[in-house]
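Below is one structure, written out as structure tokens, with a few remarks after it.
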């Protein structure tokens, strides 16, 4: 089934793009949540008229993402955790911990944009990528130290 995306989705595409998805996915998830419209001729014409507005919004979003990336360049986040033998953490450092520390430094980032393959479970310095925009990815340095 062909649908028109109403917002950017990492796995499907960018806003305004016509994509082919399974009927159940479109009818049960995308359309009811307002993420997509069925690709009828009327809806296609409507999206064509909104193309310029969508492009301007995309350019503005990219500029904001670049600005945040520049702010994050010099940020170092230090997280203190309890440590056991062989410098292994009792818990782990997750994207939620990193997002909380960034919020404390004045940079509001959604934790779902922080790309951690697996939680950090050891002491040290880590460069953590953050996907700010589909075309812009920044990194932040996370330092995990033992709790006093």
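Bear in mind these aren't lab numbers, they're just calculated from the coordinates by the rules spelled out. Just so you know, these numbers come straight off a predicted model, no measurement behind them. All Cβ positions, glycine included, derive from the backbone under ideal geometry; neighbour counts span all protein chains shown.
Structure notes:
- Rounded, prolate or oblate (a/c below 1.5 giving rounded, otherwise prolate when a/b exceeds b/c) for segment 21-79 by Cα gyration tensor: oblate
- The length gained on full extension between residue 67 and residue 96, counted as 0.36 nm times the residue separation minus their Cα-Cα distance, comes to 8.2 nm.
- Label sites at residue 112 and residue 139, each approximated as a point 7 angstrom past Cα along Cα to Cβ, lie 2.6 nm apart.
- Once log10 I(q)/I(0) by the Debye sum over Cα atoms at q = 0.12, 0.14 Å⁻¹ is calculated for the structure shown, the corresponding label among (i) -0.66, -0.79; (ii) -0.45, -0.62; (iii) -0.50, -0.69 turns out to be (i).
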